Every structure is written in C-alpha cells, then in structure tokens.
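Taken together, the values in this text are just the output of simple stated rules run on the coordinates, not laboratory data. Bear in mind the structure is a predicted one, so any value in this text is a computation, not a measurement. When we count neighbours, we look across all protein chains shown, and the Cβ atoms used for this are built from the backbone with ideal geometry, even at glycine.
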Amino acid sequence: MKLTIENITKTFKDKSALNDINLELTTGVYGILGANGSGKTTLMRILASVMKPSSGRVLMNGQDIADMNEKYRELIGYLPQHVGYYKNFSAEKFLKYIAALKGLPKEETSEKVEEVIELVGLTEYRSKKIGGFSGGMKRRVGIAQALLNNPKILIVDEPTAGLDPKERIRFRNLLSKISTNRIVLLSTHIVSDIEFIAKEVLILKDGQLVKKETPQSLLKGIEDKVWTLVIEEKEIPRFQSEYKVGNIARVEDRFQLRILSDEQPEPNAENDIPNLEDLYLYYFDEEETA
Amino acid sequence: MKKRKLHHTFDKNVDHQIEDLEQEIGSLLDEYDVEYPGEEQIIMTIDAMKPYVPVRKNKWRTVLRGMTAITKQAYQEIFYMSSLFWIANGLLIAAALSGVLLMKADPYAMVMMFAPITTIMGLIEVLKSRNAGMAELEMSYKYNFQEIMLSKMLVVGGFNLVINLLITLSLGMFYQEILIAKMLLFWITPFTFIAALSLLFVSRYRQIYAITAGMVIWLTVSGYLSQPQIIEKLESLPAELYVTASAVALILSLFKAVHIYKRGVLYEVNH
C-alpha cells in the first residue's frame with residue numbers, strides 16, 4: 001500500500017498554504033510536525049479528500065484519488081481538528097448513523113459499532129448524549145467514527161489538542177494500538193504525541209516539507225546542537241534574545257538553560273542528548289509555537 | 001560465363017573461436033531469459049493492473065449510481081431526523097385541517113399557504129450538519145456531504161408531498177364540492193417553487209436564522225395571497241399558467257440538484 005503525494009500546492013487567494021509537496025507514504029505511523037499555519041491541516045484535508053489541491057495530485061497505489069472518488073473515501077478514516085458532532089445523539093446512535101454514511105452493510109453495523117466503542121473505552125457511556133461528553137470523550141468518539149470502516153489510511157489532525165495529560169496518554173496509546181497494517185497520519189505540534197509511535201516525522205514549515213526522516217535520524221542531525229548551561233537569573237534575557245532557549249530549570253539559586261545552537265554558546269556550556277522537543281525548537285521559532 | 005569456384009578452407013581454430021563466441025554470447029544472453037510465468041502469476045498481474053485500466057465513463061450509469069446512492073441514503077436519513085420535525089409536521093396537518101373544517105377557512109387558500117411549510121422547516125434538518133460542525137467530516141465519507149444533503153432534501157420534499165396529498169384527500173372526503181384537481185394546482189405550484197428556492201438556498205447559505213426569515217416571508221406572502229379578492233383573481237388564472245410555473249420550478253429543482261451533486265456546495269473548510 002502506497003500513498004504518493006505529487007507536487008501538491010495549495011493557495012488561498014494570494015496566500016500559499018502548501019508549496020510543491022512531494023511525499024511517499026507506506027504502512028506505518030507518520031507524525032506531521034509543524035507550528036500553527038505551517039500547512040499541516042491543509043495537507044491533511046487534501047489527503048482526506050475534503051479539499052482539492054491548487055495543483056499536483058495524490059495517488060493511492062498509483063491511482064489518482066480524484067478519479068477514485070468514493071472508492072478512495074471508502075479507504076480512509078478522518079478525524080478533523082474541529083468536529084461539532086450531533087449533540088443530541090447518543091454515542092451509539094451517532095456511530096450507527098456514521099456507519100450508514102460510510103456505507104457499511106446493515107448486518108455488520110451493530111457488531112462494528114460495538115467493537116469501536118469498546119476499543120475507545122466508551123462502553124459504559126454508549127447510551128449517553130454526546131453533548132454531555134468531555135473533550136477527551138468527544139475525541140474518542142471521533143476516533144471511533146474514523147475506525148468504523150476499518151480504514152487503510154487513518155488521518156487524524158491535532159487529536160490531542162485541548163486534552164488533559166491523562167487523556168493525551170490514553171489517546172496516544174490508542175493510536176499506537178490501532179496503527180498496524182495501515183498508513184496513519186497524525187498531525188500535531190505536541191512532540192511527545194509522536195516521539196515513540198512515529199515511523200517517520202514530517203516537518204512542515206511555511207507550507208514546505210523541511211524534513212522527512214525517522215525520529216532517530218532527525219535527532220542525530222541535531223546531536224551536536226543541544227547545550228545546557230547553568231547561569232545567574234539576570235543573564236537569562238541575554239541568552240533568550242541571542243539563542244533558541246528551551247527548558248529553563250532552577251538549580252539551587254541558579255538556572256539551567258537548554259539552548260539550541262549550532263555553536264557552543266559559552267565555553268562552560270555542555271553538549272546534551274537531544275529529544276524531539278529540541279528538534280521542534282530547532283526548526284520552529286518560539287513565537288510560532290505559541 | 002565463367003564460373004567462380006568457391007574455396008572452402010576448413011580452419012579448425014576459426015571454428016573453435018566461433019563456437020566459443022557463440023557460447024559466450026549465449027551465456028551473456030542467459031541473464032535476459034524470462035521464465036514464462038505460471039497461470040497464478042498471470043492472474044496476479046492482471047489483478048494488479050486492473051486499477052490502472054481506464055474506465056469508460058457512462059454518463060447514464062453515473063446518474064443512476066448517484067440517484068441510487070441518494071435514495072438509499074434518504075431511507076437511512078428518515079431514522080435520524082429530529083423528532084421535533086415529525087411533531088411539527090403532525091401539528092401542521094392538524095392546523096390545516098382544523099383551519100378548514102372548524103374555522104371554515106377557504107380550502108384552496110389553506111392548502112396553498114401550508115404547501116411548502118414542511119420544506120421550509122425541513123431546511124433546519126438539511127443544514128444541521130453544517131450548523132453542528134459536521135460538514136468537514138461528512139465530506140470524507142462514502143456518501144459525501146452533497147449526497148447527504150440531497151438525501152435529506154429528498155426526505156423533506158417527499159414527506160411534504162405526502163402531507164399535501166393527505167390534506168388534499170382528507171378535505172376532498174369532507175367536502176364533496178372541492179375540486180381535487182384545482183386543489184392540486186393550488187399547492188403544487190408553491191411547493192415546487194419553494195423547493196427550487198430551497199435547493200438554491202442550501203447550496204449557498206448555512207445560517208438557521210435565514211430559514212426563520214424564509215418562513216416569515218412565506219407566511220406574509222401567503223397571508224396576502226389568501227385574501228378573498230386575491231384568491232378570486234388566482235382562481236381566474238388559467239390552469240396552464242399553474243402547470244407551466246410548476247414545470248419550470250420542477251426543472252429548476254432538478255437542474256440545481258444535479259448541479260449540487262456534480263459541483264458540491266459552497267463550503268469553506270477554513271476554520
């Protein structure tokens with residue numbers, strides 16, 4: 001199974017959201033990392049066939065998805081960043097309705113709905129109205145609807161945005177569990193979401209694909225660029241203005257700074273092992289991450 | 001004519017050289033030998049290539065497929081319509097019948113006034129997915145957004161048709177003097193006209209308040225039209241005019257429905 005993205009460009013009036021993206025995706029989890037406005041959602045929407053590219057095409061096993069039409073839509077499961085849901089529907093009724101929209105045979109619907117409800121851990125809330133669900137529970141309903149048709153391609157856009165840490169961990173584990181034998185595309189700006197489950201990380205910046213590598217090789221690329229340095233409090237602003245500063249931790253009466261820099265910032269700065277958060281900081285400016 | 005004598009010199013060395021060369025060429029060509037595939041491999045290749053074979057597009061088959069999909073989905077939609085929609089329509093039938101039977105209102109004016117109300121109210125159901133923030137998700141399903149919307153329109157329009165027929169037949173049973181054909185003309189025209197406008201509306205707007213505005217406008221217009229002197233004038237109009245107006249509205253509806261199906265609806269997936 002292969003999803004090929006060929007020269008995809010998307011422009012909105014005079015603003016370019018994606019610029020000549022070329023990619024090839026096979027089975028496994030791909031984490032799309034990028035700041036707000038980097039083009040993650042636009043790329044996801046194009047892959048979910050809810051948006052048409054301005055130019056370029058997407059091929060599924062060599063066939064243009066625009067020609068495949070509903071045959072392609074039968075293969076995908078999509079969870080957009082913003083979903084409203086029908087608040088008066090119970091989780092079960094909602095999923096049964098979506099099963100109908102996905103063209104699932106009626107005789108399979110109940111069993112499949114049962115299966116996904118159990119998978120996302122909503123069995124005891126199945127008859128409750130979605131309107132009364134927490135953000136995390138709604139997201140779980142969202143992933144359940146995406147999985148109803150046993151999709152070959154699963155596209156989830158910022159699935160952990162707005163979730164508390166416990167729900168985020170639960171969601172991450174769920175994604176990890178369901179990622180076998182399919183292409184999973186997961187966009188996020190929370191690096192810990194993809195750190196341990198992504199086969200490859202795609203870094204998007206200003207609508208361009210900056211990197212597509214395994215997390216290990218991406219980290220290797222910045223292994224001599226992460227520094228720690230213990231300084232006085234009054235020196236912090238200087239380092240913040242001159243370097244990309246990550247974590248700031250208090251060490252007794254001084255402060256330890258984690259700095260991203262191609263060169264050693266100070267003679268007493270020590271090289272440290274990079275993590276994906278460092279990588280994110282290396283590619284994106286601090287103000288973009290806000 | 002002088003015959004040329006051919007001399008064949010038999011040189012063993014040259015012969016061996018040629019043989020060696022042939023063998024060398026043979027072994028070199030060996031790597032280009034293609035083993036004839038087995039039956040199973042041939043079938044696998046054909047299966048793998050099938051998706052790349054261009055499919056001849058049959059226009060009528062596409063239309064038929066679309067209509068089947070919309071009809072199938074419309075059946076499903078019936079079970080997911082809001083109960084409020086069905087209750088409101090039940091009340092509507094009761095109001096129309098009691099208006100004529102108890103309050104002695106003009107039956108023609110009454111059917112004309114009530115004819116498109118179900119469709120106008122049904123727009124709330126049609127626009128529900130956009131208002132609930134479900135449109136983007138629905139665009140990614142097998143039955144996509146426009147098919148879902150047209151399915152809902154089919155349910156609403158079909159139900160409206162049934163209601164109007166029920167009211168017509170009920171009044172026909174109570175009042176022997178009522179002309180059924182005239183009644184039909186009085187409601188088919190506004191019904192088809194409003195249905196055409198609704199299709200135009202749903203492809204462009206998504207605000208629920210616009211439906212309320214539509215309802216108010218229709219009730220005002222129909223209130224004006226149902227005045228005795230206006231009804232008298234409307235009754236004097238030739239039947240052909242009603243038929244023509246209905247036919248035009250019906251054609252416009254079909255044209256708009258096909259347009260929605262083919263081109264989609266105005267929906268910006270930009271949050």
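Add +1 for every Lys or Arg and -1 for every Asp or Glu among the other residues with Cβ under 15 Å from the Cβ of A:Lys152, and state the total. Walk me through the numbers on the way to the answer.
On the way: positive: A:Lys2, A:Lys71, A:Arg73, A:Lys102, A:Arg182, B:Lys142; negative: A:Glu70, A:Glu74.
Residues close to A:Lys152 contribute a combined charge of +4.
Take the cross-link list A:Lys87/B:Lys256; A:Lys10/A:Lys211; A:Lys138/A:Lys205; A:Lys40/A:Lys128; A:Lys15/A:Lys199; A:Lys2/A:Lys71 and give me the ones stretching past 22 Å between alpha-carbons.
A:Lys87/B:Lys256; A:Lys138/A:Lys205; A:Lys40/A:Lys128; A:Lys15/A:Lys199
Can you tell me how the stretch B:66-109 classifies by the Cα gyration tensor, rounded, prolate or oblate, using a/c under 1.5 as the rounded cut?
oblate
Which order results if B:Val248, A:Val83 are arranged by neighbouring Cβ count within 10 Å, fewest first?
Sorted ascending by nearby Cβ count, the order is B:Val248, A:Val83.
When a/c is below 1.5 the answer is rounded, else prolate if a/b is larger than b/c, else oblate, so apply that to the stretch A:1-66 with a ≥ b ≥ c taken from the square roots of the Cα gyration tensor eigenvalues.
oblate
May I ask for log10 I(q)/I(0) of chain A at q = 0.13, 0.14, 0.15 Å⁻¹, from a Debye sum over the Cα atoms as equal point scatterers with solvent left out?
-0.94, -1.04, -1.14
How do A:His189, A:His82 rank when sorted from fewest to most other Cβ atoms within 10 Å of their own Cβ? Display every interim value, and only then the final one.
Values: A:His189 19, A:His82 13.
Ordered from fewest to most neighbouring Cβ atoms within 10 Å, A:His189, A:His82 come out as A:His82, A:His189.
Pull up the cross-link candidates among the aspartates and glutamates for B:Lys104, meaning alpha carbon to alpha carbon under 16 Å and not fewer than 8 places away within one chain.
B:Glu177
Hey, if you put +1 on the Cβ of every Lys and Arg and -1 on every Asp and Glu Cβ in the protein assembly as shown, which of B:Ile163, B:Phe174, A:Leu229 ends up farthest toward the positive end of that dipole?
B:Phe174
To the nearest Å, what is the center-to-center distance of the stretch A:240-287 and the stretch B:78-123, using C-alpha atoms only?
Here the answer is 70 Å between Cα centres.
Given H placed on each backbone N at 1.01 Å, which residues far from A:Gly28 in sequence or on other chains put an amide H within less than 5 Å of it?
Here the answer is A:Arg182, A:Ile183, A:Val184, since their amide H atoms fall under 5 Å of that of A:Gly28.
In whole angstrom, note down how far apart the Cα centers of the stretch B:56-73 and the stretch A:142-188 are.
Using only Cα atoms to place each centre, the spacing works out to 34 Å.
Which of rounded, prolate, oblate describes the protein assembly as shown, given a ≥ b ≥ c as roots of the alpha-carbon gyration tensor eigenvalues and a/c under 1.5 marking rounded, otherwise prolate only if a/b is larger than b/c?
oblate
Karplus couplings for the stretch A:98-104 from phi (6.51 cos²θ - 1.76 cosθ + 1.60, θ = phi - 60°), rounded to Hz, Gly and Pro as x?
Residue by residue, the stretch A:98-104 yields 5, 4, 5, 5, 8, x, 6 Hz.
Per the helix-only calculation at 222 nm, which mean residue ellipticity applies to the protein assembly as shown, given -39500 (n - 2.57) for every DSSP H run of n ≥ 4 and division by its residues, nearest 500 deg cm²/dmol?
Dividing the helical sum by the residues of the protein assembly as shown leaves -16500 deg cm²/dmol.
On average, how many beta carbons from a partner chain sit within 10 Å of the beta carbon of a residue in B:63-74?
Taking all residues of B:63-74 together, the mean is 1.
What are the ³J(HN,Hα) couplings of the stretch A:22-39, residue after residue, when phi is run through the Karplus curve with 6.51, -1.76, 1.60 and θ = phi - 60°? Round to Hz, x for glycine and proline.
Calculated HN-Hα couplings, in order: 10, 8, 9, 10, 10, 3, x, 9, 10, x, 9, 10, x, 6, 4, x, 7, x Hz.
Considering all alpha-carbon pairs of the stretch A:224-272, what whole percent are spaced by more than 15 angstrom?
Distances greater than 15 Å cover 34 percent of the Cα pairs.
Which of A:Gly28, A:Pro165, A:His189 sits closest to the plus end of the dipole of the stretch A:2-218, meaning its Cα is farthest towards the positive end, when Lys and Arg get +1 and Asp and Glu get -1 on the C-beta?
In the stretch A:2-218, that residue is A:Pro165.
Cut-off 10 angstrom, C-alpha nodes, Gaussian network model of chain B. Which of B:Gly38, B:Gly99, B:Gly157 fluctuates the most?
B:Gly38
Of the beta bridges DSSP finds with both residues in the protein assembly as shown, what % are antiparallel, to the nearest 5?
Counting only bridges with both partners in the protein assembly as shown, antiparallel ones make up about 65 percent.
Just to check I understand the Karplus step: with θ = phi - 60° and J = 6.51 cos²θ - 1.76 cosθ + 1.60, what whole-Hz values come out for the stretch B:130-139, glycine and proline as x?
5, 6, 7, x, 9, 4, 4, 5, 5, 5
If amide H atoms are built 1.01 Å from N in the plane of the peptide, which residues on other chains or at least 5 residues away come under 5 Å of the amide H of A:Lys10?
Excluding prolines and chain starts, which carry no amide H, the hits are A:Ala17, A:Leu18, A:Asn19, A:Asp20, A:Ser54.
List the chymotrypsin sites (Phe, Trp or Tyr not before Pro) within the stretch B:79-132 that fall in a DSSP loop (any state other than H, G, I, E or B) and whose Cβ has at most 12 other Cβ atoms within 10 Å.
Details: sites: B:Phe79, B:Tyr80, B:Phe85, B:Trp86, B:Tyr108, B:Phe114; in loops: B:Phe79, B:Tyr80.
Qualifying residues, ordered by number: B:Phe79.
Counting other beta carbons within 10 Å of each residue's own, what order do A:Lys13, A:Lys234, A:Lys71 fall into, fewest first?
On the way: A:Lys13 5, A:Lys234 8, A:Lys71 13.
By the 10 Å Cβ count, ascending: A:Lys13, A:Lys234, A:Lys71.
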